[in-house]
Amino acid sequence: MDVATLRQQLNGQAPAMVYVVLGTQGILQQQARDAFMGLIPEAERVMNVGSYDMETTPLATAIDDAMSAPFFGERRLVLINKPYFLTGSPAKVKVNHDLDALKSYLEHPEPSTVLVLMAPYEKLDNRKGLVKKLKKVAVEVSAAPLSEQDARHQVEQQLLSDGYRLANGAMDELVRRTNADYGLMMANLKKLELLAYQTKQISQGDVIGLVPQSLDENVFDLITAVLKRDQAQALDIYQQLLETNHEPLQLNALLVGQFRLLIQIKVLSSRGLSQGTLASRLKVHPYRVKIGMQTARRFQMNDLVRAYLGLIRCEKALKTTARDPELLFQLFMLQFAKKAG
């Protein structure tokens, strides 16, 4: 289930005994945590809520807490944070975990305890016996990054709940400036609501004035200027990015990565792959694929490859010479435009 469904269920019926919240979207992880905290009256939380970080605390400590009866309350909430032992990633910490204790607990969960494993990971290792047992017992809550459509819907619902509405173009601008990242969209809502406190209407201008454009979006603007061979605009954007404390090597690496993505999108989309399939295969947010497809359609493969290779040469020069980064980028633009002629 998603976090919105979780909140509805926790408000309307008794909770399950075991949950796993899986996904890398930080704000959804936090919303799920807040929903579970709502099960315990605030006056009881000191005694009946336990939160344990598996990178610093033995699992047995959390299980012992989960097996304890609630103290002058109806139920106990135990949060197991960062259970990395459920993934396929190698351990980066030296904490001894009694995984058999969790296996035994899952066979006979404590009825008065709500045990929640907060797993901020893309996936669990389904080959592990512990994971298989967990999936049979636990209710899984998705905290995976939302699609653009779902992010729009959740933000609209939040604004409606707060008594605000968006004017024409405002949502599109918010999506564009945050790359449809739900966390970034929600992080900017309070500022926008404060600005529109009297009118209760958020305009496109409000979004432009308050929400900074994401680095990815700035880089896409720069890529478009490069491919159009608009040297003045490309250099202007490049200088602006340098002025906002972005290192030349970082910028060049981002440009190389974006051009590589455009080439991959152009090749794979020509084979008939959908936006969703591309996002899954390339492991990037669907919104980035959407914008990438729009850009890739407008330009020839030769130009994408030529720009990519030129930026690789620029990166080498940045690493091996002391030449001015802006001059190197300007030379790249001149060479790129000249070869088109």
Please work out which one of (1) farther than 30 Å from Tyr164 by Cα; (2) modelled with pLDDT of 85 or more; (3) assigned to a loop (DSSP other than H, G, I, E, B); (4) open to solvent by 70 Å² or more (accessible area, probe 1.4 Å) is the condition Thr199 fails and give its number. (1)
For strands (runs of 3 or more DSSP E) lying entirely in segment 1-105, having 1 or more residues that are closer than 30 Å to His153 by Cβ and modelled with pLDDT of 90 or more picks out 18-22, 76-81
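Within segment 19-28, can one find any residue that is of a type outside the set (Ser, Thr, Tyr), under 19 Å from Asn96 (Cα atoms) and touching a Gly at 6+ places or on another chain (Cβ under 7 Å)? Break it down into steps so the answer makes sense when it comes.
First pass over segment 19-28, keeping only residues of a type outside the set (Ser, Thr, Tyr): 20-23, 25-28.
Subset that is under 19 Å from Asn96 (Cα atoms): none.
Within segment 19-28, none of the residues are of a type outside the set (Ser, Thr, Tyr), under 19 Å from Asn96 (Cα atoms) and touching a Gly at 6+ places or on another chain (Cβ under 7 Å).
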Qualifying residue in segment 248-267 (condition: of a type in the set (Phe, Trp, Tyr) and either surrounded by fewer than 18 Cβ atoms within 10 Å (Cβ to Cβ) or modelled with pLDDT under 85 (or both)): no
Under the condition of being part of a loop (DSSP other than H, G, I, E, B) and modelled with pLDDT of 90 or more, which residue from segment 147-166 is nearest to the chain's Cα centre (by Cα)? Tyr164
Return the residues of segment 211-263 that are in contact with a Gly (Cβ under 8 Å, 6 or more places away or on another chain) and free of Cβ contacts under 8 Å to residues at least 12 places away in the same chain; say none if nothing qualifies. none
Residue pairs, Cβ under 6 Å, 6 or more apart or interchain, first in segment 134-156 and over 16 Å from Pro83 (Cα atoms) and open to solvent by 50 Å² or more (accessible area, probe 1.4 Å), second modelled with pLDDT of 90 or more and assigned to a loop (DSSP other than H, G, I, E, B). List them. Pro145/Gln25
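The values are calculated or read from the model by the stated rules, or taken from the named source; none is laboratory data. None of these values were measured; they are calculated from a predicted model. We place every Cβ from the backbone using ideal geometry, glycine too, and count neighbours over all the protein chains shown. Ligands, DNA and RNA are stripped out before the accessible areas are found, and what is left, the full protein with its side chains, is counted by its heavy atoms. Shrake-Rupley method; radii C 1.70, N 1.55, O 1.52, S 1.80 Å.
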